[in-house]
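The structure appears below as structure tokens.
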Amino acid sequence: MTNEPVVSVRELRVYYGTKRGPVQAVDGVSLDIAAGEVVGLVGESGCGKSTLGRGILGLLPEGASSDGEVIYGGRNIVGMTPKELRRLRGPDLGLIFQEPMTRLNPLMRIEEHFKETLEQHEPSLGDKEIRRRSLETLGRMGIPPTRFSQYPHEFSGGMRQRIMIALAVVLQPKLLIADEPTTSLDVIVEAQILSILADLRRNFGTALLLITHNLGIVAESCDRVAVMYAGKIVEEGPARDVFIDPAHPYTRELLRSTISLETSELHSIPGAPPSLLDPPRGCRFHPRCPSAMWVCATTDPIEKRIDADRRVQCWLHGPEDRIPEGGTAELEREEIAVAEEA
Amino acid sequence: MAAKGTSLRQYALTRLALVVPMVLILLTLVFLLMRVAPGDPVSASLGGHAPPAVINQIKHKLGFDKPLYVQYVQYLGNVGRGNFGTAINPAQPVSEIIKVNGTATLELTLYAMIIAITVGVAIGLLAGRFRDTPVDSGGRLFGIIIYATPIFFLGLMAQLFFGVYLGWLPVSGRASPLTQATLTTHTNIYTIDAIIDRNWAALGDVLRHMILPAFTLGLVTAGVFIRLIRINVIRTMKDDYIEAARARGINERSVVYHHAFRNALVPVITIIGLQVALLLGGAVLTETTFNWPGIGHELLLYIENRDYAAVQGIIVVFALVVVAVSVVIDFVGAFIDPRIRY
């Protein structure tokens with residue numbers, strides 16, 4: 001993509017304050033998303049995907065703080081006042097959630113949700129225009145006008161997710177962040193939702209950040225993919241290239257763990273993602289990495305471009321001149337155990 | 001819309017039908033409890049010095065020597081015709097007690113309820129909204145103190161401070177003798193009577209007499225509301241649709257008022273209904289403290305005299321009020337929360 005990025009994330013860090021100390025959920029992430037582009041963000045549960053998505057909207061829970069840059073329209077979202085942020089949320093940056101069942105206010109009709117949203121951002125709209133725009137958007141999502149005045153509990157999960165998407169899309173945001181939008185839905189509904197999202201990009205040039213742990217979805221619908229591990233993006237590039245020839249051992253292991261019709265045996269990555277309260281020294285993946293070297297256990301990997309549009313954070317790709325002497329020796333099993341304990 | 005109307009009507013009819021067995025069970029319980037409790041109205045009113053022959057003769061005249069089931073059937077028949085019988089000592093028709101003293105209690109509890117809801121909802125919402133701030137700590141402390149204080153103690157302190165020490169407010173009775181003499185009783189609810197007569201001096205006097213007892217009774221009940229509403233607001237503020245509304249850029253004011261507060265108050269409505277029962281119980285103490293000629297005041301007197309007819313009549317009235325309030329509360333709940341109707 002040669003387009004100007006809609007959103008440009010630079011060295012974004014997000015911390016959660018907990019009783020046991022700060023947790024670095026997102027640790028120095030950079031990512032560009034261009035207009036009309038679909039970027040997949042993948043990784044295991046708890047690696048900071050959702051936090052990154054919310055960090056881009058400045059929608060962090062109480063007790064979280066962030067620094068770095070999220071540039072949208074020439075301005076940094078990090079450090080904006082709540083009022084400025086509120087103006088961006090909706091008409092510029094949209095968010096749809098994993099769990100559609102509880103995302104609509106149970107006491108409000110669908111109609112009222114749309115009215116509230118449109119009145120908030122386009123106060124000059126009349127009731128008739130609000131109704132027309134809402135029904136048109138809902139219609140595109142396959143929700144008939146007869147159901148406009150119903151309450152959320154009268155809809156199924158898949159329908160509620162389509163309503164949520166319609167609520168986000170009715171304002172025609174430049175960037176839509178979809179946080180595991182199909183995880184709680186069955187495969188047929190999943191396919192519907194994905195095709196709706198694909199239409200959005202085609203018809204309106206909406207940029208889409210698709211957060212998921214389903215690599216199949218990424219392969220099917222994303223232009224580029226970013227792989228997250230323990231708060232960092234460890235590899236990023238065109239989805240096709242990354243899937244055919246993964247550069248990071250984590251990406252490779254993740255791809256091996258997927259299930260297809262040819263799968264005869266389930267592959268899993270030994271160990272669990274590290275605690276972000278006290279992440280391991282050096283590369284955060286080294287305790288679980290089958291290709292770990294001495295250097296990985298001691299020194300943070302440096303991001304390296306391995307192609308015009310691909311980057312990776314792994315000592316296997318160098319830069320060689322930064323690896324201390326003897327650092328490329330294989331990290332022995334005992335060391336792995338020790339490192340894991342530390 | 002038609003579907004909604006039907007289901008609401010159906011709900012209302014079912015709810016009303018349930019009142020019949022509730023009242024029947026209640027009448028039976030009150031009847032049995034009075035017979036099981038030691039003592040009887042005749043010995044109590046004659047002071048225990050009358051010869052057994054005289055006592056038995058009076059008992060026979062009043063029908064207390066008949067088998068219990070005969071008395072029970074007669075009692076149900078009488079109540080069914082709206083006849084609550086006659087109290088023995090002091091002798092007067094029970095319906096008269098209900099009319100005169102019942103309305104005094106009704107007026108007191110009505111104002112107490114208004115105060116309880118106003119104070120409780122306001123402080124509860126604020127404490128929940130501004131959690132862990134001085135507003136919250138202050139609100140909680142206030143709630144605990146007024147809830148933990150016995151009504152008669154709070155009443156006595158209020159009398160001492162506002163009545164005796166500051167001399168601002170009258171400490172007993174419903175009105176000054178002058179007002180009692182000049183006010184025509186249309187409804188026996190003095191504030192309404194005064195308004196009907198356009199007797200503004202009387203209205204002021206009646207309201208001044210109302211302040212201390214109504215606040216005493218209302219504040220104790222408000223203590224429950226404060227804690228309950230605060231917890232509900234805190235819980236609701238964490239709900240998924242709140243985050244979703246923020247993600248659509250809805251302003252914080254609407255998020256709090258339209259989404260959080262409305263949802264937080266749904267469970268509270270049910271509790272308000274239950275509190276009416278407690279309020280009536282509290283009214284007995286308040287009436288005694290403030291020498292308020294209410295029905296609770298009378299109830300204590302007649303319980304001491306073991307007056308079957310009077311006690312049964314008064315308790316049934318209490319019970320009917322609680323049943324009526326719970327029906328109304330259920331309707332309000334169903335009206336506010338569409339999910340209850342299904």
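The values are calculated or read from the model by the stated rules, or taken from the named source; none is laboratory data. Just so we're clear, the structure is a prediction, and the values are computed from it rather than from any experiment. Cβ sites come from the backbone with ideal geometry, for glycine too, and all protein chains shown count toward neighbours. Keep in mind that these areas ignore ligands, DNA and RNA; they rest on the heavy atoms of the full protein, side chains included. Shrake-Rupley method; radii C 1.70, N 1.55, O 1.52, S 1.80 Å.
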Open item on the list: Considering only C-alpha atoms, what is the centroid distance from region A:287-326 to region A:77-100, in Å?
Closed with: 36
Open item on the list: Can you tell me what share of the DSSP beta bridges in chain A is antiparallel? A percent to the nearest 5 is fine.
Closed with: 65
Task: Shape of region A:122-201, Cα gyration tensor, a/c cut at 1.5 - done: oblate
Task: Where chain A is the region considered: accessible area per residue in Å², 1.4 Å probe - done: 46
Task: region B:159-299: relative contact order in percent, alpha carbon pairs under 8 Å with at least 6 residues between - done: 24
Task: Over region A:62-135: Kirkwood hydrodynamic radius from C-alpha pairwise inverse distances, Å - done: 14.8
Task: Over the protein assembly as shown: helical MRE at 222 nm, DSSP H runs n ≥ 4 each giving -39500 (n - 2.57), nearest 500 - done: -16000 deg cm²/dmol
Task: Under Karplus coefficients 6.51, -1.76 and 1.60, residue-wise ³J(HN,Hα) of region A:303-319 in Hz, glycine/proline x - done: 5, 9, 7, 10, 7, 4, 10, 10, 9, 8, 10, 7, 5, 4, 9, x, x
- [ ] Give me the distance between the Cα centres of region B:220-266 and region A:162-213, rounded to whole Å.
- [x] 28
Open item on the list: Please list, in order along region A:222-235, the HN-Hα scalar couplings obtained from phi with the Karplus expression 6.51 cos²θ - 1.76 cosθ + 1.60 (θ = phi - 60°), rounded to whole Hz, x for Gly and Pro.
Closed with: 10, 7, 10, 9, 10, 9, 9, 9, 6, x, 10, 8, 8, 8
- [ ] Report the antiparallel proportion of the DSSP beta bridges in the protein assembly as shown as a percent, rounded to a multiple of 5.
- [x] 65
Task: Listed residue (A:LEU200, A:SER268, B:PRO170) projecting farthest to the positive dipole end of the protein assembly as shown, Cβ model - done: B:PRO170
Task: Given charges at beta-carbon only (K, R positive; D, E negative), |dipole| of region A:250-341 in Debye - done: 340
Open item on the list: 5 Å is the cut-off here: which amide hydrogens, built 1.01 Å from N in the peptide plane, fall below it relative to B:ALA87, excluding neighbours closer than 5 in sequence?
Closed with: B:GLN92, B:VAL94
Task: Principal axis dimensions, largest first and in whole angstrom, of region B:1-120 by Cα - done: 71, 36, 23
Open item on the list: Compute and list, largest first, the equivalent-ellipsoid semi-axes of region A:250-341 from the alpha carbon gyration tensor, each √(5λ) rounded to a whole angstrom.
Closed with: 23, 19, 12
Open item on the list: As I understand it, the dipole of region B:96-304 uses +1 on the Cβ of Lys and Arg and -1 on the Cβ of Asp and Glu, about the Cα centre. Which of B:ALA104, B:THR182, B:LEU160 lies farthest toward its positive end?
Closed with: B:LEU160
- [ ] Leaving out ligands and nucleic acids, note down the accessible area per residue over region B:96-304 with a 1.4 angstrom probe, in whole Å².
- [x] 45
- [ ] Measure off, as a whole percent, the carbon and sulfur share of the 1.4 Å-probe accessible area of region B:1-122, all protein chains present.
- [x] 71
Open item on the list: Averaged across B:311-322, how many Cβ atoms of other chains sit within 10 Å of each residue's Cβ atom?
Closed with: 0
TODO: For the B and A pair, go ahead and give the buried accessible area with a 1.4 Å probe, both sides summed, in Å² to 100.
DONE: 2200
- [ ] Evaluate the distance, in nm, between pseudo-label points positioned 7 Å from the Cα of A:THR183 and of A:SER149 along their respective Cα→Cβ axes.
- [x] 3.7
Task: Label-to-label distance, nm, for residues given as B:LEU141 and B:ASN291 (7 Å Cα→Cβ offset) - done: 3.6
Open item on the list: From the phi angles alone, apply the Karplus equation (6.51, -1.76, 1.60; θ = phi - 60°) to region B:93-99 and give each ³J(HN,Hα) in whole Hz, x where the residue is Gly or Pro.
Closed with: x, 4, 4, 5, 4, 5, 5
Open item on the list: Need one number: nm distance between label points at B:HIS60 and B:TRP168, each 7 Å from Cα along Cα→Cβ, rounded to one decimal.
Closed with: 6.3
